[in-house]
Structure formats: C-alpha cells, structure tokens
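The block underneath contains the structure these notes are about, expressed in structure tokens.
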Amino acid sequence: MSAAVGPSELLRRHGLRPKKQWGQNFLGDEQILRALASLLRIGPGDTVVELGAGLGHLTRALQATGASVIAVERDRELAPILRAELSGVEVVEADAKSFDFKMVAARAGRRIALAGNLPYHLSSPILFHLLDQREALRRAVLLLQREVAVRVAAGPGGRDYGLLSVLVQQVADASLGLSVPRSAFTPPPEVESTALVLDFLEAPRAALHDEQRFRALVKAAFSQRRKTLWNALKNLPGARGALARAGIDPQRRGETLSVAEFAAVERAM
C-alpha cells in the first residue's frame, strides 16, 4: 500500500464505508502512526499484535520497525484488503476480546507487544481481556477515548481514579502517550483520543490470595463512589472485618485507597 493512499481513497477503491456501529475510525496520518509505533519500543526480533488492524495504516508503521506483525481484524470485508495491500504480515480474522495472546507469546518464545486503535465502545472489555492474558504481554500502546486513557492512568484521590485504574495498575505501569485530534481520523470521532501506554510487570505490584476476590472487592468499593468503605463493602463477605485487620479506616472512600491498600484488604479477607 502506498504511503500516499489515505483511508478515504482506500475505502473508495474497495467500495466500502466505515461501519459506524463497529466504531470504525481509520487513522491515516503518517507522522502520528510513526509516533504510535515508536512508543512500543520494538524492533527486529520482537513480535507485535495489532488489534483492529482496519485498513493497515498502523500495520505498516509497525512493520517498518522490523518487528514481526500479526494483524487481528474481525471485519471480513477488511481482512482481504490487509492481505492484498500488505506483504510479510500475518492476518488473523478474530475478535480482539477473545484473541489468544498466550499462544502467540509461546510461539515467539518471549512476551509480545500489543498495539491498537480500539473501538471506543469495546475498550473496557478488551482491557479486561488483556488483564487475563497479561503474562503474554510486555508493552502495549492503545489508542483510546481520552477519558478512558486518563482513568486507567489516574492515581488515587482524584475523580478519574476507579476500577480500571486499580486493576490495570496492579499488573502494569500506565502512562499517557500522545494525543490525537479528531481531524486525523476518517471519519472524525465525536471524542478526543489519547494513546495509553502499558508496561506489564514481571509480577503483580502487590501480593494477593485470590485475584477474583480482589476484583470483586475493588468493584464493590467503586460501585457507589460517595459511600464510605464501611457502607460500600457491607454486602461483600468478610470485607468489613478485613478493613480493620489491614489498618484501613472504614470511613475512607474507595478512591482514596492505593493499589497496595486494596491488596492488603483482600489478603485480610
């Protein structure tokens, strides 16, 4: 695919239109695409999976790093375009919410990188899937709705800090990369976009006895943000007593607890 061929022209050539219901907003700005690829810090010998490869513009930028690229695309109308326009890229027709990253990492013999311009309405389920497959991942750069990226990277005490902040930061360092204006997309989305950069840890940040119980605890703590922990956790067996054993004031609110403090409560349950 020529670098001069933008998303609009490529769609026209193949008689296609963006599927609004699928959240398709294609990015064709070469400078932004190179910047996103550079955030991954990949090169020859690395393997990168791209979620929602679309028309292949980011795919090309990833391939230019010298890394091996696996392009995942669930749209059966777009997958043939990827195969026709790109060479040396493995195209897999699959759903990002269930893709097996562990299989790819096992095949590569090392943890892999991940990139994607994600449909905004699927960002949370995809992030939860990444948490379940984190052992396979080294670094991820995900283009998300700015508000979602800010929430994931937020620290305790602020209004943006919440369930995803705690669960993601338990297993990864989260930071914000470049912001991308609406005008860079075809068609322009209704929201601003920001790259979320995740560096997955070798081991979880804080020790846990039961990860599912940890998730349930954090979810309950944020279910009604204005409630104190004493009230928010009343229906979670063992949680109230665990607050005292962990040395956490039950009058605090969930958004004030650090990842380590949530983990301490889980261990005390």
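The values are calculated or read from the model by the stated rules, or taken from the named source; none is laboratory data. The structure displayed is predicted, hence computed values, not measured ones. With ideal geometry, Cβ positions are generated from the backbone for all residues, glycine too; neighbour counts draw on all protein chains shown. Heavy atoms of the whole protein, side chains included, go into the accessibility calculation; ligands, DNA and RNA do not. Shrake-Rupley method; radii C 1.70, N 1.55, O 1.52, S 1.80 Å.
Leaving out ligands and nucleic acids, and using a 1.4 Å probe, what accessible area per residue does the stretch 30-84 come to in Å²? All intermediate terms of the calculation are to be shown ahead of the outcome.
Working: 2120 Å² over 55 residues.
Ligands and nucleic acids excluded, the result is 39 Å² per residue.
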Shape box of the stretch 109-162 [Cα atoms, principal axes, largest first, Å]: 40, 24, 16
field: Folded to 0 to 90 degrees: helix 259-268 orientation relative to the chain principal axis, Cα
entry: 50 degrees
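Give the accessible surface of the stretch 89-183 per residue, rounded to a whole number of Å², with probe radius 1.4 Å and ligands, DNA and RNA excluded. It would help to have the intermediate numbers written out before the result.
Numbers: 3760 Å² over 95 residues.
Value returned for the stretch 89-183: 40 Å² of accessible area per residue.
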- prompt: For Glu147 and Met103 in the same chain, what is the full-extension length gain: residue separation times 0.36 nm, less their Cα-Cα distance, in nm?
  reply: 12.7 nm
- request: Could you give the spread of the C-alpha atoms of the stretch 54-99 along their three principal axes, from largest to smallest, in whole angstroms?
  value: 26, 21, 14
task: Pop a pseudo-label 7 angstrom from the Cα along the beta-carbon direction at both His14 and Glu135 and give the gap in nm to one decimal.
output: 3.6 nm
- prompt: Evaluated at 37 °C with a viscosity of 0.692 mPa s, what Stokes-Einstein diffusion coefficient in µm²/s does the chain have when Rh comes from the Kirkwood expression over alpha-carbon pairs?
  reply: 167 µm²/s
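Within 10 Å, Cβ to Cβ, of Pro181, how many net charges do the neighbouring residues add up to if Lys/Arg are +1 and Asp/Glu are -1? Intermediate results must be reported in sequence, preceding the final value.
Numbers: positive: Arg182; negative: Asp29, Glu192.
It works out to a net charge of -1.
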- prompt: Carbon and sulfur atoms: what percent of the 1.4 Å accessible area of the stretch 120-198 do they account for?
  reply: 51 percent
- line: Using alpha-carbon coordinates alone, the radius of gyration and Dmax of the stretch 126-259 in Å work out to 16.4, 54
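Can you quote the Å³ per residue value for the convex hull of the Cα atoms in the stretch 16-132, rounded to an integer? It would help to have the intermediate numbers written out before the result.
On the way: hull volume 12.0 nm³, N = 117.
Value for the stretch 16-132: 102 Å³ per residue.
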field: Angle between the chain longest axis and helix 123-132 axis [Cα atoms, degrees, rounded to 10]
entry: 70 degrees
- prompt: Using alpha carbon centroids, what distance separates the stretch 237-269 and the stretch 109-175, in Å?
  reply: 23 Å
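Please work out how much length the chain gains when fully extended from Gln224 to Gln251, using 0.36 nm per residue of separation minus the C-alpha to C-alpha distance, in nm with one decimal. List each step's numbers first, then the result.
Numbers: separation 27, 0.36 × 27 = 9.72 nm, distance 1.38 nm.
Net length gain for the segment: 8.3 nm.
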